[in-house]
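For reference, the structure is listed below as C-alpha coordinates.
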Amino acid sequence: MKYLLPIASICLATIIAIIALTRDETAPRVNLILTEAGSNDLYISSGVRRPVQLPTGDQFNRYSGMSEDGRWLRYWDNSGHLWHYDMHENKTHSLGDESVRRYIGQVDGWLYLENRAGIHRVRLDGSERTQIFALDSDDTSAIFSPDRQWFIYKANLRQFARVRRDGSQHLVLTPADEIHHFDGWSDDGHSFYTIGTLDRESHLTQVNVNSGELRVVVRGIDKFFGEYENGLLFEADGTLYRQNLLASQREVIFAVPDFYVQDVVWTYEWLYVEVFNEITRLDEIFAVRHDGTGSSPVTVSARYAPLMQSGSVLASTTPADTLMFISGREVIALSGQTKEALVDVQGRYFIYERILSSGVSQYFAQATGTDTPLFLAERPAGYGVVDIIFVDTGHWTIIPLVLLAMGLLGMIGVNLATRY
(Lines give C-alpha, C1' and ligand atoms only; values in the text may rest on other atoms or scores of the structure.)
Protein backbone atom coordinates (compact mmCIF):
# COMPACT_ATOMS: atom_id res chain seq x y z
CA MET A 1 0.00 0.00 0.00
CA LYS A 2 2.90 2.36 0.59
CA TYR A 3 3.43 2.74 -3.18
CA LEU A 4 -0.27 3.29 -3.96
CA LEU A 5 -0.23 7.07 -3.41
CA PRO A 6 2.91 7.71 -5.51
CA ILE A 7 1.66 5.51 -8.37
CA ALA A 8 -1.81 7.11 -8.31
CA SER A 9 -0.28 10.60 -8.27
CA ILE A 10 2.00 9.83 -11.21
CA CYS A 11 -0.92 8.40 -13.25
CA LEU A 12 -3.07 11.44 -12.49
CA ALA A 13 -0.28 13.83 -13.42
CA THR A 14 0.29 12.01 -16.73
CA ILE A 15 -3.42 12.16 -17.61
CA ILE A 16 -3.59 15.86 -16.84
CA ALA A 17 -0.48 16.52 -18.94
CA ILE A 18 -2.00 14.67 -21.91
CA ILE A 19 -5.28 16.56 -21.60
CA ALA A 20 -3.33 19.81 -21.41
CA LEU A 21 -1.85 19.20 -24.84
CA THR A 22 -4.44 20.79 -27.11
CA ARG A 23 -4.62 21.38 -30.83
CA ASP A 24 -4.77 25.07 -31.65
CA GLU A 25 -6.75 25.45 -34.89
CA THR A 26 -6.64 28.90 -36.44
CA ALA A 27 -7.51 30.39 -39.80
CA PRO A 28 -5.69 28.88 -42.78
CA ARG A 29 -2.27 30.18 -43.74
CA VAL A 30 -1.13 30.18 -47.35
CA ASN A 31 2.09 30.46 -49.29
CA LEU A 32 1.97 32.09 -52.71
CA ILE A 33 4.12 30.53 -55.43
CA LEU A 34 5.03 33.42 -57.75
CA THR A 35 6.79 34.19 -61.00
CA GLU A 36 8.21 37.61 -61.83
CA ALA A 37 7.33 39.29 -65.10
CA GLY A 38 10.17 39.14 -67.61
CA SER A 39 12.18 36.45 -65.77
CA ASN A 40 12.32 32.68 -65.37
CA ASP A 41 12.64 32.85 -61.60
CA LEU A 42 10.31 31.23 -59.08
CA TYR A 43 9.41 32.87 -55.74
CA ILE A 44 7.53 32.04 -52.56
CA SER A 45 5.69 34.58 -50.39
CA SER A 46 3.55 34.52 -47.26
CA GLY A 47 1.84 37.36 -45.44
CA VAL A 48 3.32 40.72 -46.51
CA ARG A 49 6.91 39.54 -46.62
CA ARG A 50 8.98 40.27 -49.69
CA PRO A 51 8.94 37.27 -52.08
CA VAL A 52 11.90 34.94 -51.61
CA GLN A 53 13.51 33.58 -54.76
CA LEU A 54 13.80 29.80 -54.90
CA PRO A 55 17.14 28.35 -56.05
CA THR A 56 15.96 27.05 -59.42
CA GLY A 57 18.64 29.02 -61.30
CA ASP A 58 17.96 29.31 -65.01
CA GLN A 59 16.28 25.87 -65.05
CA PHE A 60 12.71 26.99 -64.36
CA ASN A 61 10.28 27.02 -67.26
CA ARG A 62 6.89 25.84 -66.02
CA TYR A 63 5.41 25.12 -62.61
CA SER A 64 4.04 21.58 -62.08
CA GLY A 65 2.69 21.49 -58.53
CA MET A 66 3.35 20.68 -54.89
CA SER A 67 3.53 17.31 -53.11
CA GLU A 68 0.68 16.38 -50.79
CA ASP A 69 2.82 16.92 -47.68
CA GLY A 70 3.80 20.43 -48.85
CA ARG A 71 7.53 19.64 -48.89
CA TRP A 72 8.38 19.06 -52.57
CA LEU A 73 7.78 21.61 -55.32
CA ARG A 74 7.83 20.36 -58.94
CA TYR A 75 8.74 22.29 -62.07
CA TRP A 76 9.83 21.72 -65.66
CA ASP A 77 12.98 23.19 -67.19
CA ASN A 78 13.39 24.47 -70.76
CA SER A 79 14.21 20.95 -72.03
CA GLY A 80 11.10 19.35 -70.57
CA HIS A 81 12.97 17.69 -67.69
CA LEU A 82 11.19 17.56 -64.34
CA TRP A 83 12.85 18.85 -61.14
CA HIS A 84 12.01 18.65 -57.43
CA TYR A 85 12.76 21.43 -54.98
CA ASP A 86 12.96 20.36 -51.33
CA MET A 87 11.32 23.12 -49.26
CA HIS A 88 12.87 21.74 -46.03
CA GLU A 89 16.47 21.37 -47.16
CA ASN A 90 16.47 24.18 -49.76
CA LYS A 91 17.85 21.87 -52.47
CA THR A 92 16.87 20.98 -56.03
CA HIS A 93 16.91 17.42 -57.38
CA SER A 94 16.75 16.28 -61.02
CA LEU A 95 14.12 13.62 -61.65
CA GLY A 96 15.85 12.26 -64.74
CA ASP A 97 17.46 13.21 -68.02
CA GLU A 98 14.47 12.33 -70.18
CA SER A 99 11.69 14.74 -71.09
CA VAL A 100 8.63 14.14 -68.89
CA ARG A 101 5.27 14.37 -70.63
CA ARG A 102 3.01 14.03 -67.60
CA TYR A 103 3.20 13.90 -63.81
CA ILE A 104 0.79 11.12 -62.72
CA GLY A 105 1.00 11.11 -58.93
CA GLN A 106 2.87 10.17 -55.76
CA VAL A 107 2.58 6.93 -53.76
CA ASP A 108 4.75 5.72 -50.85
CA GLY A 109 7.75 7.93 -51.55
CA TRP A 110 7.68 7.38 -55.34
CA LEU A 111 6.74 9.77 -58.12
CA TYR A 112 5.00 8.22 -61.13
CA LEU A 113 5.74 9.93 -64.44
CA GLU A 114 4.91 9.45 -68.11
CA ASN A 115 7.28 10.08 -71.00
CA ARG A 116 7.39 8.91 -74.62
CA ALA A 117 8.94 5.57 -73.63
CA GLY A 118 6.38 4.65 -71.00
CA ILE A 119 5.32 4.96 -67.37
CA HIS A 120 8.10 4.96 -64.79
CA ARG A 121 8.65 5.76 -61.15
CA VAL A 122 11.39 7.75 -59.45
CA ARG A 123 12.29 8.51 -55.82
CA LEU A 124 11.42 11.98 -54.51
CA ASP A 125 15.08 13.01 -54.56
CA GLY A 126 15.68 11.45 -57.99
CA SER A 127 18.00 8.78 -56.58
CA GLU A 128 16.29 5.70 -58.08
CA ARG A 129 14.37 5.28 -61.32
CA THR A 130 12.44 2.28 -62.71
CA GLN A 131 10.33 1.85 -65.86
CA ILE A 132 7.04 0.11 -65.09
CA PHE A 133 5.26 -0.17 -68.43
CA ALA A 134 6.23 0.63 -72.03
CA LEU A 135 3.96 2.88 -74.11
CA ASP A 136 3.65 3.19 -77.88
CA SER A 137 4.17 6.57 -79.48
CA ASP A 138 0.39 7.21 -79.68
CA ASP A 139 -0.30 6.17 -76.06
CA THR A 140 -0.72 9.10 -73.69
CA SER A 141 -2.60 10.84 -70.84
CA ALA A 142 -2.00 8.30 -68.05
CA ILE A 143 -3.85 8.96 -64.77
CA PHE A 144 -4.27 7.10 -61.48
CA SER A 145 -7.49 5.41 -60.40
CA PRO A 146 -8.84 6.87 -57.11
CA ASP A 147 -7.29 4.03 -55.08
CA ARG A 148 -4.00 4.45 -57.03
CA GLN A 149 -3.86 0.75 -57.86
CA TRP A 150 -4.42 1.20 -61.62
CA PHE A 151 -3.24 3.45 -64.42
CA ILE A 152 -5.77 4.48 -67.06
CA TYR A 153 -4.37 5.85 -70.31
CA LYS A 154 -5.40 6.67 -73.88
CA ALA A 155 -4.22 3.98 -76.31
CA ASN A 156 -3.75 4.98 -79.98
CA LEU A 157 -5.35 8.35 -79.14
CA ARG A 158 -8.81 6.67 -79.29
CA GLN A 159 -9.24 3.81 -76.82
CA PHE A 160 -8.85 3.57 -73.05
CA ALA A 161 -6.59 0.93 -71.51
CA ARG A 162 -5.67 -0.06 -67.97
CA VAL A 163 -2.58 -1.48 -66.30
CA ARG A 164 -1.75 -2.26 -62.66
CA ARG A 165 0.60 0.04 -60.77
CA ASP A 166 3.24 -2.70 -60.93
CA GLY A 167 2.88 -2.99 -64.73
CA SER A 168 0.78 -6.19 -64.77
CA GLN A 169 -2.77 -7.02 -65.99
CA HIS A 170 -2.74 -4.78 -69.04
CA LEU A 171 -6.09 -4.63 -70.86
CA VAL A 172 -7.56 -2.42 -73.61
CA LEU A 173 -11.01 -1.42 -72.33
CA THR A 174 -12.91 0.41 -75.08
CA PRO A 175 -13.53 -0.58 -78.74
CA ALA A 176 -11.31 0.66 -81.56
CA ASP A 177 -14.15 1.91 -83.78
CA GLU A 178 -15.14 4.69 -81.35
CA ILE A 179 -13.48 7.87 -80.12
CA HIS A 180 -13.75 8.13 -76.34
CA HIS A 181 -13.30 11.03 -73.89
CA PHE A 182 -12.77 10.63 -70.15
CA ASP A 183 -15.70 12.01 -68.11
CA GLY A 184 -14.95 11.24 -64.48
CA TRP A 185 -14.99 8.44 -61.91
CA SER A 186 -17.93 6.75 -60.24
CA ASP A 187 -18.49 7.57 -56.59
CA ASP A 188 -17.13 4.17 -55.48
CA GLY A 189 -13.96 4.65 -57.58
CA HIS A 190 -14.27 1.23 -59.28
CA SER A 191 -15.52 2.55 -62.64
CA PHE A 192 -15.06 5.55 -64.87
CA TYR A 193 -17.39 7.16 -67.40
CA THR A 194 -16.55 7.98 -70.98
CA ILE A 195 -18.53 9.64 -73.76
CA GLY A 196 -18.00 7.82 -77.03
CA THR A 197 -19.17 8.67 -80.52
CA LEU A 198 -20.41 6.03 -82.97
CA ASP A 199 -22.47 6.66 -86.11
CA ARG A 200 -22.76 10.36 -85.15
CA GLU A 201 -24.48 9.54 -81.85
CA SER A 202 -22.85 10.18 -78.48
CA HIS A 203 -23.41 7.74 -75.65
CA LEU A 204 -22.16 7.47 -72.07
CA THR A 205 -20.40 4.22 -71.13
CA GLN A 206 -19.55 3.00 -67.63
CA VAL A 207 -16.24 1.09 -67.59
CA ASN A 208 -15.36 -1.17 -64.65
CA VAL A 209 -11.59 -0.99 -64.22
CA ASN A 210 -11.24 -4.25 -62.28
CA SER A 211 -13.35 -6.51 -64.49
CA GLY A 212 -13.09 -4.61 -67.77
CA GLU A 213 -16.88 -4.73 -68.17
CA LEU A 214 -18.49 -2.02 -70.35
CA ARG A 215 -22.09 -0.86 -70.01
CA VAL A 216 -23.76 1.83 -72.12
CA VAL A 217 -25.87 3.78 -69.60
CA VAL A 218 -27.10 6.83 -71.56
CA ARG A 219 -27.74 7.25 -75.29
CA GLY A 220 -27.95 10.69 -76.87
CA ILE A 221 -25.90 12.86 -74.52
CA ASP A 222 -23.97 16.13 -74.84
CA LYS A 223 -22.47 16.70 -71.36
CA PHE A 224 -22.09 14.50 -68.28
CA PHE A 225 -21.90 16.09 -64.82
CA GLY A 226 -21.53 13.03 -62.59
CA GLU A 227 -23.38 10.63 -60.34
CA TYR A 228 -26.13 12.36 -58.41
CA GLU A 229 -28.63 10.90 -55.89
CA ASN A 230 -28.33 7.29 -57.13
CA GLY A 231 -28.55 8.49 -60.69
CA LEU A 232 -26.70 10.18 -63.53
CA LEU A 233 -26.91 13.92 -64.18
CA PHE A 234 -26.41 14.95 -67.80
CA GLU A 235 -27.40 17.44 -70.50
CA ALA A 236 -28.86 16.66 -73.92
CA ASP A 237 -30.12 19.29 -76.40
CA GLY A 238 -29.92 22.03 -73.76
CA THR A 239 -32.04 20.16 -71.15
CA LEU A 240 -30.78 18.85 -67.81
CA TYR A 241 -31.80 15.26 -67.01
CA ARG A 242 -31.41 12.77 -64.20
CA GLN A 243 -31.47 9.04 -64.94
CA ASN A 244 -31.47 6.15 -62.48
CA LEU A 245 -28.28 4.10 -62.49
CA LEU A 246 -30.17 0.86 -63.12
CA ALA A 247 -32.86 2.11 -65.51
CA SER A 248 -32.99 3.97 -68.81
CA GLN A 249 -35.91 6.25 -67.91
CA ARG A 250 -34.86 9.89 -67.59
CA GLU A 251 -36.58 12.79 -65.80
CA VAL A 252 -36.28 16.47 -66.62
CA ILE A 253 -34.58 18.55 -63.94
CA PHE A 254 -34.22 21.85 -65.80
CA ALA A 255 -35.58 22.94 -69.18
CA VAL A 256 -36.17 26.57 -70.23
CA PRO A 257 -36.53 27.63 -73.90
CA ASP A 258 -33.48 29.49 -75.29
CA PHE A 259 -31.37 28.48 -72.27
CA TYR A 260 -28.59 25.93 -72.66
CA VAL A 261 -27.04 24.18 -69.65
CA GLN A 262 -23.30 24.89 -69.32
CA ASP A 263 -22.42 23.53 -65.88
CA VAL A 264 -24.02 22.20 -62.69
CA VAL A 265 -22.96 22.01 -59.05
CA TRP A 266 -25.09 20.87 -56.16
CA THR A 267 -25.32 21.20 -52.40
CA TYR A 268 -27.42 19.37 -49.81
CA GLU A 269 -30.62 21.09 -50.91
CA TRP A 270 -30.04 22.89 -54.21
CA LEU A 271 -28.80 22.38 -57.73
CA TYR A 272 -27.11 25.48 -59.18
CA VAL A 273 -27.36 25.42 -62.95
CA GLU A 274 -25.19 27.70 -65.07
CA VAL A 275 -26.95 28.37 -68.37
CA PHE A 276 -26.30 30.40 -71.49
CA ASN A 277 -29.15 32.68 -72.56
CA GLU A 278 -29.22 32.71 -76.36
CA ILE A 279 -31.33 35.90 -76.44
CA THR A 280 -29.27 38.08 -74.09
CA ARG A 281 -26.00 36.20 -74.85
CA LEU A 282 -25.26 36.19 -71.10
CA ASP A 283 -24.54 33.45 -68.58
CA GLU A 284 -27.03 33.08 -65.74
CA ILE A 285 -27.31 30.89 -62.66
CA PHE A 286 -30.56 29.19 -61.66
CA ALA A 287 -31.28 27.60 -58.29
CA VAL A 288 -33.29 24.37 -58.59
CA ARG A 289 -34.43 22.06 -55.81
CA HIS A 290 -33.32 18.42 -55.97
CA ASP A 291 -36.71 17.27 -57.23
CA GLY A 292 -36.58 19.76 -60.12
CA THR A 293 -39.07 22.22 -58.58
CA GLY A 294 -38.60 25.83 -57.56
CA SER A 295 -36.45 26.83 -60.52
CA SER A 296 -35.63 30.53 -60.50
CA PRO A 297 -32.71 32.73 -61.62
CA VAL A 298 -30.46 34.06 -58.87
CA THR A 299 -27.77 35.91 -60.86
CA VAL A 300 -27.13 37.32 -64.31
CA SER A 301 -23.76 37.39 -66.10
CA ALA A 302 -22.10 35.05 -63.63
CA ARG A 303 -19.87 32.01 -63.71
CA TYR A 304 -19.04 29.47 -61.06
CA ALA A 305 -16.13 29.36 -58.69
CA PRO A 306 -15.60 26.31 -56.42
CA LEU A 307 -18.40 24.59 -54.54
CA MET A 308 -18.49 25.19 -50.78
CA GLN A 309 -18.75 22.13 -48.56
CA SER A 310 -20.96 24.09 -46.19
CA GLY A 311 -23.83 23.92 -48.68
CA SER A 312 -23.34 27.21 -50.53
CA VAL A 313 -21.73 28.25 -53.79
CA LEU A 314 -19.28 30.94 -54.81
CA ALA A 315 -19.76 32.63 -58.17
CA SER A 316 -17.91 35.45 -59.94
CA THR A 317 -19.50 37.91 -62.31
CA THR A 318 -18.12 38.88 -65.70
CA PRO A 319 -16.57 41.16 -66.67
CA ALA A 320 -16.42 43.06 -63.35
CA ASP A 321 -14.96 40.13 -61.36
CA THR A 322 -17.20 40.66 -58.34
CA LEU A 323 -17.40 37.63 -56.07
CA MET A 324 -20.81 36.50 -54.84
CA PHE A 325 -21.75 34.10 -52.07
CA ILE A 326 -24.91 32.16 -52.97
CA SER A 327 -26.98 30.20 -50.48
CA GLY A 328 -30.31 29.01 -51.81
CA ARG A 329 -31.75 32.09 -53.55
CA GLU A 330 -29.83 34.54 -51.34
CA VAL A 331 -26.95 36.35 -53.03
CA ILE A 332 -24.32 38.28 -51.04
CA ALA A 333 -21.79 40.34 -53.01
CA LEU A 334 -18.35 40.76 -51.46
CA SER A 335 -17.01 44.30 -51.49
CA GLY A 336 -14.31 45.37 -53.93
CA GLN A 337 -13.06 43.77 -57.11
CA THR A 338 -12.44 40.13 -56.28
CA LYS A 339 -11.66 36.93 -58.16
CA GLU A 340 -9.80 33.60 -57.92
CA ALA A 341 -12.02 32.15 -55.20
CA LEU A 342 -11.07 28.79 -53.73
CA VAL A 343 -11.82 26.66 -50.69
CA ASP A 344 -9.37 25.50 -48.02
CA VAL A 345 -8.74 21.83 -47.44
CA GLN A 346 -11.22 21.39 -44.61
CA GLY A 347 -13.92 23.41 -46.37
CA ARG A 348 -14.24 25.78 -43.41
CA TYR A 349 -13.03 28.91 -45.21
CA PHE A 350 -13.19 30.32 -48.69
CA ILE A 351 -10.19 32.22 -49.99
CA TYR A 352 -10.44 35.09 -52.45
CA GLU A 353 -8.21 37.67 -54.08
CA ARG A 354 -8.89 41.41 -53.90
CA ILE A 355 -7.18 43.61 -56.49
CA LEU A 356 -5.99 47.08 -55.40
CA SER A 357 -5.63 50.07 -57.69
CA SER A 358 -1.84 49.89 -57.30
CA GLY A 359 -1.76 46.49 -58.99
CA VAL A 360 -1.12 44.70 -55.71
CA SER A 361 -3.40 41.76 -54.89
CA GLN A 362 -4.35 40.80 -51.36
CA TYR A 363 -5.66 37.38 -50.35
CA PHE A 364 -8.30 36.96 -47.65
CA ALA A 365 -9.97 34.06 -45.89
CA GLN A 366 -13.57 34.24 -44.74
CA ALA A 367 -15.21 31.62 -42.55
CA THR A 368 -18.47 30.23 -43.78
CA GLY A 369 -21.41 31.96 -42.17
CA THR A 370 -19.42 35.09 -41.24
CA ASP A 371 -18.77 38.43 -42.92
CA THR A 372 -15.33 39.10 -41.40
CA PRO A 373 -12.40 38.71 -43.83
CA LEU A 374 -9.01 37.59 -42.47
CA PHE A 375 -5.90 38.83 -44.27
CA LEU A 376 -3.62 36.03 -45.52
CA ALA A 377 -1.01 37.21 -48.00
CA GLU A 378 -0.11 39.88 -50.55
CA ARG A 379 1.07 39.57 -54.13
CA PRO A 380 3.30 42.52 -55.10
CA ALA A 381 2.82 44.28 -58.43
CA GLY A 382 4.83 42.71 -61.23
CA TYR A 383 4.42 39.16 -59.98
CA GLY A 384 2.03 36.45 -61.11
CA VAL A 385 0.58 33.73 -58.87
CA VAL A 386 1.02 30.18 -60.20
CA ASP A 387 -0.22 28.35 -57.10
CA ILE A 388 -1.64 28.90 -53.62
CA ILE A 389 -0.43 26.36 -51.04
CA PHE A 390 -2.38 25.80 -47.85
CA VAL A 391 -0.17 25.46 -44.76
CA ASP A 392 -1.28 23.55 -41.67
CA THR A 393 -1.50 26.11 -38.86
CA GLY A 394 -2.55 23.72 -36.10
CA HIS A 395 0.16 23.25 -33.49
CA TRP A 396 0.41 21.64 -30.09
CA THR A 397 0.37 23.99 -27.12
CA ILE A 398 0.77 23.27 -23.41
CA ILE A 399 -1.74 25.08 -21.24
CA PRO A 400 -1.28 25.90 -17.51
CA LEU A 401 -2.80 22.61 -16.38
CA VAL A 402 0.65 21.14 -16.94
CA LEU A 403 1.81 23.24 -14.02
CA LEU A 404 -0.72 21.42 -11.86
CA ALA A 405 0.72 18.09 -13.02
CA MET A 406 4.22 19.28 -12.14
CA GLY A 407 2.96 20.38 -8.73
CA LEU A 408 1.52 16.92 -8.08
CA LEU A 409 4.84 15.34 -8.99
CA GLY A 410 6.55 17.72 -6.57
CA MET A 411 4.16 16.69 -3.82
CA ILE A 412 5.05 13.06 -4.48
CA GLY A 413 8.73 13.86 -4.00
CA VAL A 414 8.05 15.68 -0.74
CA ASN A 415 5.82 12.84 0.46
CA LEU A 416 8.47 10.24 -0.28
CA ALA A 417 11.22 12.33 1.33
CA THR A 418 9.33 12.80 4.58
CA ARG A 419 8.05 9.22 4.90
CA TYR A 420 11.15 7.34 3.78
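The values are calculated or read from the model by the stated rules, or taken from the named source; none is laboratory data. Just so it is clear, the model here is predicted, and its values are computed rather than measured. Cβ atoms come from the backbone with ideal geometry, glycine included; neighbour counts cover every protein chain shown.
Just to be sure before I move on: is G184 part of a strand (DSSP E or B) and under 24 Å from the mean Cα position of the chain (by Cα) in the structure I sent?
yes
Please find, among V107, V122, the residue that is at pLDDT 90 or above, under 24 Å from S191 (Cα atoms) and either surrounded by fewer than 14 Cβ atoms within 10 Å (Cβ to Cβ) or of a type in the set (V, I, T) (or both).
Among V107, V122, only V107 is at pLDDT 90 or above, under 24 Å from S191 (Cα atoms) and either surrounded by fewer than 14 Cβ atoms within 10 Å (Cβ to Cβ) or of a type in the set (V, I, T) (or both).
On the given criteria, is S99 over 26 Å from G189 (Cα atoms), touching a Gly at 6+ places or on another chain (Cβ under 8 Å) and either among the aromatic types (F, W, Y) or in a loop (DSSP other than H, G, I, E, B) (or both)?
For S99, the condition - over 26 Å from G189 (Cα atoms), touching a Gly at 6+ places or on another chain (Cβ under 8 Å) and either among the aromatic types (F, W, Y) or in a loop (DSSP other than H, G, I, E, B) (or both) - is met.
Which numbered condition in (1) part of a strand (DSSP E or B); (2) among the charged types (D, E, K, R); (3) without any contact (Cβ under 8 Å) to a residue 12 or more places away in the chain is the only one that K154 fails?
Condition (3) is where K154 drops out.
Grab the strands (runs of 3 or more DSSP E) fully contained in the range 225-275, keeping just those with 1 or more residues being under 24 Å from the mean Cα position of the chain (by Cα) and touching a residue at least 24 places away in the same chain (Cβ under 8 Å).
Of the strands (runs of 3 or more DSSP E) lying wholly inside the range 225-275, those with at least 1 residues that are under 24 Å from the mean Cα position of the chain (by Cα) and touching a residue at least 24 places away in the same chain (Cβ under 8 Å) span 231-236, 259-266.
Failed condition for I351, given (1) over 23 Å from the mean Cα position of the chain (by Cα); (2) modelled with pLDDT under 75, with all others met?
Status for I351: all satisfied but (1).
Tell me yes or no: at least one residue of the range 110-120 is in contact with an Asp or Glu (Cβ under 6 Å, 6 or more places away or on another chain) and without any contact (Cβ under 8 Å) to a residue 40 or more places away in the chain.
Checking the range 110-120: at least one residue is in contact with an Asp or Glu (Cβ under 6 Å, 6 or more places away or on another chain) and without any contact (Cβ under 8 Å) to a residue 40 or more places away in the chain.
Counting residues that are outside the structural domain of S361 (by TED's automatic domain parsing) and in contact (Cβ under 8 Å) with a residue 60 or more places away in the chain, which strands (runs of 3 or more DSSP E) fully inside the range 27-93 reach at least 3?
Because the criterion is at least 3 residues that are outside the structural domain of S361 (by TED's automatic domain parsing) and in contact (Cβ under 8 Å) with a residue 60 or more places away in the chain, the strands (runs of 3 or more DSSP E) in the range 27-93 that meet it are 62-66.
Would you check which residues across the range 138-160 are farther than 20 Å from S211 by Cβ and hydrophobic (A, V, I, L, M, F, W, C) and list them?
A142, L157
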